[in-house]
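Enquirer: One structure coming up, written as structure tokens, with questions to follow.
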Amino acid sequence: MHNNDQSLSNPLPTVSMEKIVSLCKRRGFIFQSSEIYGGLGSAWDYGPLGVELKRNLKNAWWKSVVHNRDDIVGLDTSILMHPKVWEASGHTANFHDECVDCKNCKKRFRPDQSPGRCPFCGNREFTSPRKFSLMLKTFLGAVEEESAVTYLRPETAQGIFTNFSNVLDTTRRKLPFGIAQIGKSFRNEITPGNFTFRTREFEQMEIEYFTRPQEAPGHHEQWVETRLNWYLDLGVRRENLRLRKHPEDELAHYAAACTDIEYNFPFGWSELEGIANRTDFDLKQQAQFSGKDLQYKDHLTQEKFFPYIIEPSGGVDRALLAFLVDAYFEEEVQGETRVVLKFSKELAPIKVAVLPLLKKNDGIVQLAKEIKQELQKDLMTVYDDTAAIGKLYRRQDEVGTFYCITVDVQSLEDQQVTVRDRDTMKQERIPIEGLKKYLLKKFSE
Ligand code: GAP
């Protein structure tokens, strides 16, 4: 057995954003965009561990809403779309925030996000509110003229609506059915902030679920439950999640109902995902503006109508931030603080770390590298020999690695290694021959 970290005390309560941001930078989860130039406000880059975590998150979502269901197919549509799409959706006319300018520091902000005082300098005098479009404009082609204007999409949803007939014709789906998509969206947010929570470039995971109008409220309820369970199944603590139903005056122009799933972030309860009943607004609008028939035809009655749409719409970056915050624990172990990210098995960026006890012993190093080569065929595995074993354990705990495998002198004789569990810190001797099978079984439990 290696190191001596058995005794656990209770984890400390909520973590601060400073600690999360610092851990993300220090360990390669998230870096500031264009950092060498002083950074670009509100844009972030995912580092070697962040990209693994993000992929695992998106795969878990895709598996649960596409592969594990019979009624949803996937789609990947372009970010640039015909500008008429945004006229039809109402974004060109309606997608704006009210904002004011501070008379002291001259900065612009949304008064609803900081009622009564400027969030930058605290001053209480501002200009009267003005509308500010959230659409990110760009020009297509060589000439920057009005006819070449288009937008970076502010939501992935419209790519699904404009492909409704294509998917229907090619997959012969019957109601109810859904189309899922993950992709980048862009909004010229006036006050981005709270790390990756509100940014101008972000990723969405959206489902548009098409139903008969009379069945829409029932599906809406079911989707709220299904999506809440997804976060719970991936390990988020129930007490850190809550549902919030939108009052009538808060509903978007297209929605008949909306319930948010909120997370208890260090900066307060905030939206993770919205589940809206979008009615038949979008298909009707896109049909009207394009002149194409986007109705559904019932195969038995031949009746034609516009389906209603239930839309569970979540942010990849926000979900990732919530998983990070929720997984963060500080534990007192024999007088020292152990930082550990208790990610679920599905989300953990690194599943196994292989650690040689003595990096100067060629036999141990070679065996450890062979074990790593074998395990990495099935599990995301790393090798590290750059510190003493206690420090290596701490490093792996801090990024949420599920198992540490230690190769020592005895391993060369008895062909066994020590397997250490991240959460219990318990250690077991396991024969190398059965090691992969043992680990794969653990990951499938
Ligand atoms: N298609 C519906 C729609 O886009 P939304 O509530 O505006 O609805 C859905 O966005 C989700 O996208 C939000 O719950 C959030 O997770 C994510 N999101 C929206 N704006 C964001 C931003 N500026 N930065 C990061 N994530 C954002």
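Enquirer: Name every residue in the stretch 81-110 that is open to solvent by less than 40 Å² (accessible area, probe 1.4 Å) and farther than 30 Å from PHE289 by Cα, in order of residue number.
Expert: Matches in the stretch 81-110: CYS99, VAL100, ASP101, CYS102, PHE109.
Enquirer: Shifting gears a bit: Inspect the stretch 168-191 for any residue being open to solvent by 30 Å² or more (accessible area, probe 1.4 Å) and within 10 Å of the ligand (Cβ to nearest atom) and give the result as yes or no.
Expert: yes
Enquirer: Residues to consider are ALA276, ALA287, ALA322; find the one that is touching a residue at least 12 places away in the same chain (Cβ under 8 Å), within 10 Å of the ligand (Cβ to nearest atom) and over 16 Å from PHE202 (Cβ atoms).
Expert: ALA276 is the lone residue from the list that is touching a residue at least 12 places away in the same chain (Cβ under 8 Å), within 10 Å of the ligand (Cβ to nearest atom) and over 16 Å from PHE202 (Cβ atoms).
Enquirer: Okay, moving on. Look through the stretch 244-257, keep the residues that are within 13 Å of the ligand (Cβ to nearest atom) and within 30 Å of VAL15 (Cα to Cα), and return whichever of them is most open to solvent (accessible area, probe 1.4 Å).
Expert: ARG244
Enquirer: Here is a follow-up. Determine, yes or no, whether VAL340 is in contact with a helix residue (DSSP H, G or I) (Cβ under 9 Å, 6 or more places away or on another chain), outside any loop (DSSP other than H, G, I, E, B), in contact (Cβ under 8 Å) with a residue 60 or more places away in the chain and crowded, with 18+ Cβ neighbours inside 10 Å.
Expert: Yes.
The rows are residues; the columns are (1) in a helix (DSSP H, G or I); (2) under 28 Å from the mean Cα position of the chain (by Cα).
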| site | (1), (2) |
| --- | --- |
| GLY74 | no, yes |
| ASP101 | no, no |
| PHE132 | no, yes |
| ALA142 | no, no |
| PHE161 | yes, yes |
| LYS174 | no, no |
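Enquirer: Another question about this same structure. Could you list all residues from the stretch 340-361 that are of a type outside the set (Phe, Trp, Tyr) and farther than 21 Å from THR386 by Cβ?
Expert: Passing the criteria: LYS342, SER344, LYS345, GLU346, LEU347.
Enquirer: For the stretch 62-121, name all the residues that are closer than 24 Å to PHE177 by Cα and acidic (Asp, Glu).
Expert: ASP70, ASP71, ASP76
Enquirer: In addition: Name the pairs whose Cβ atoms lie under 7 Å apart, with the first residue in the stretch 181-204 and of a type in the set (Ser, Thr, Tyr) and outside any loop (DSSP other than H, G, I, E, B), the second open to solvent by less than 20 Å² (accessible area, probe 1.4 Å) and near the ligand (Cβ under 8 Å from one of its atoms), and 6 or more positions between them or separate chains?
Expert: SER185/PRO154; SER185/GLU155; SER185/THR156; SER185/GLN204
Enquirer: When you check PHE329 against the structure, is it in contact with a Leu (Cβ under 8 Å, 6 or more places away or on another chain), away from the ligand (no atom under 16 Å from the Cβ) and not aliphatic (A, V, I, L, M), yes or no?
Expert: For PHE329, the condition - in contact with a Leu (Cβ under 8 Å, 6 or more places away or on another chain), away from the ligand (no atom under 16 Å from the Cβ) and not aliphatic (A, V, I, L, M) - is met.
Enquirer: Now for a separate question. State whether one or more residues within the stretch 203-223 are crowded, with 19+ Cβ neighbours inside 10 Å, near the ligand (Cβ under 10 Å from one of its atoms) and closer than 17 Å to LEU40 by Cα.
Expert: Taking every residue of the stretch 203-223 in turn, none turns out to be crowded, with 19+ Cβ neighbours inside 10 Å, near the ligand (Cβ under 10 Å from one of its atoms) and closer than 17 Å to LEU40 by Cα.
Enquirer: Got a sec? Which of PRO119, PRO115 is open to solvent by 90 Å² or more (accessible area, probe 1.4 Å) and part of a loop (DSSP other than H, G, I, E, B)?
Expert: Answer to the selection: PRO115.
Enquirer: Now for a different question. Does LEU283 satisfy the condition of being among the hydrophobic types (A, V, I, L, M, F, W, C) and open to solvent by less than 10 Å² (accessible area, probe 1.4 Å)?
Expert: Criteria met by LEU283.
Enquirer: Of everything in the stretch 41-65, what is of a type in the set (A, V, I, L, M), farther than 17 Å from ALA348 by Cβ and surrounded by fewer than 19 Cβ atoms within 10 Å (Cβ to Cβ)? Give them in sequence order.
Expert: Of everything in the stretch 41-65, just one residue is of a type in the set (A, V, I, L, M), farther than 17 Å from ALA348 by Cβ and surrounded by fewer than 19 Cβ atoms within 10 Å (Cβ to Cβ), namely ALA43.
The values are calculated or read from the model by the stated rules, or taken from the named source; none is laboratory data. Not measured: the values here are computed from a predicted model. All Cβ positions, even for glycine, are placed from backbone atoms using ideal geometry, and neighbour counts span all protein chains on display. With ligands, DNA and RNA removed, areas are computed over all heavy atoms of the protein, side chains included. Shrake-Rupley method; radii C 1.70, N 1.55, O 1.52, S 1.80 Å.
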